[in-house]
Amino acid sequence: MALYIATLTAIGFGRRRTSAARTDHYLLGGRRLTLVPFVATLVSTWYGGILGIGEFTFRNGLVNLVVFGMPYYVFAAIYAVVLAPAIRQSDDLTIPDRLLACYGPRMAKWGAVLVFLLSTPAPYLLMLAVLLKMVVGLALWQGLLLGALISTAYLWRGGFLAVVRTDLLQAALMFAGFGALVFLLTRQMPLTEMWNGLPEGHRQLLGAESLPWQTVLVWFFIASWTFVDPGFYQRCAAAKNPRTARRGILLSIAAWFVFDLLTTTAGLYAVVRLPGLSDAVEAFPALGFAILPPGLKGLFFVALLAVIMSTIDSTTFISGITLGRDLLGRGASRPPGSGAIRLGMAVALGLGIMLALAVPSVVELWFTLGSLLIPGLLAPMLVTFTARWQLTDDAAFAAGLSGVGVSLLWYIWPILSLTTVGGAGAYPLGLEPMIPGLLVSMAMVLGLGNRARVEP
């Protein structure tokens, strides 16, 4: 683990300081990202919630492939074919840039607020702190501070290229570590024996008792996060050409499928091999402690670190860009420089640490943030890619604000009304908050827009 941290630091700081004078270079590496680093950085950063995957699989079983696998493949494939080439051909460097060009300043500012919140590093800082607590015995707050430091120090110097260089190492380690774990697990207990030892609900691809159909549906909609994910947008904008962006995403889907098979298999083995585990979020680390010999144990924990840290640096960098450039710097007399982005990163890390302390559940953080924020951005963002539908700045802002407002009202309604069913708060009409938020936002986009052939 010490060798990994030293190597990561050397790679991150290894080249001369990235020029901040050219915005596209500091933010997007000069827009020259080739296929292999494109795949490596997208695969590693989009899979940052590794302990959440272990937690979910341990609790619910094979349905993990439906919730965290298939919908993401579908939406990523659509993104590759429809959105990625258009993003690379555009001069817009960020999602708020695109919203500004297609709508105006109000929707651009609102989009920047939502992107900043969606890209919070909080869930990944929490996972890293939990892992450091298990391995070296740090308190949660100590792990959060140390994790934030070692995951982002090189960003201040190298910008986007530092993220890409370190992701090449981290992508290789994540596959090596989980490949070694699953190989040893199958040698010690055949797959058929493990499968027969699972509870019945864990062997169902759909319909697990602990996961109602509506919750599965909401998780499916949360996968539409892909369309508004700033990491996807940033990498497509940084690609060498539209073909690289499209092929890179399609190859990344294949890599995610392989890694999903490895992580889901490991999670199912954890159910059988660790029946007394009290905290599901520790499923993968506890399995590594119990199964792996010295050496391979170190490789596996480095793989966990690599998956999480690759996402912390990416989300922190995007948060810094969004706050320092797209939100606070928008409309300034002089374009914000790297100092504003660094300040944004510091604020994002501070808020992420506080959020991780307030909501110490990875899955809950994902579910809540996705349910409340995606309805405010999804429909207005998708409209920017069509030439047959036009919205004014005020109409787009109203649709985005209404989507978040309705979802938030739905979320807090059980508290406001004090309505309880079976001891748990009841949502109006029994609907999860994300569903009415999406419906209202889409209805407003359709109602306030007009059919017109305009340039996207």
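The values are calculated or read from the model by the stated rules, or taken from the named source; none is laboratory data. Predicted model only: the values in this text are computed from it and were never measured. Don't worry about glycine lacking a Cβ; one is built from the backbone with ideal geometry, like all the others, and counts go over all protein chains shown.
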Which condition breaks for residue 258 when tested against (1) modelled with pLDDT under 95; (2) under 21 Å from residue 45 (Cα atoms); (3) not acidic (Asp, Glu)? (1)
Residue check, residue 36 surrounded by fewer than 22 Cβ atoms within 10 Å (Cβ to Cβ) and more than 21 Å from residue 385 (Cα to Cα): yes
Could you list, ordered by first residue, the pairs with Cβ atoms under 8 Å in which the first is in the stretch 429-447 and touching a residue at least 40 places away in the same chain (Cβ under 8 Å) and the second is crowded, with 20+ Cβ neighbours inside 10 Å and of a type in the set (Lys, Arg), at least 6 apart or interchain? none
Every residue from the stretch 45-61 that is over 17 Å from residue 72 (Cβ atoms) and at pLDDT below 85: 51
Among the numbered criteria (1) closer than 21 Å to residue 47 by Cα; (2) hydrophobic (A, V, I, L, M, F, W, C); (3) surrounded by fewer than 17 Cβ atoms within 10 Å (Cβ to Cβ), which one does residue 191 miss? (1)
Would the stretch 100-107 turn up any residue that is crowded, with 24+ Cβ neighbours inside 10 Å and under 21 Å from the mean Cα position of the chain (by Cα)? no
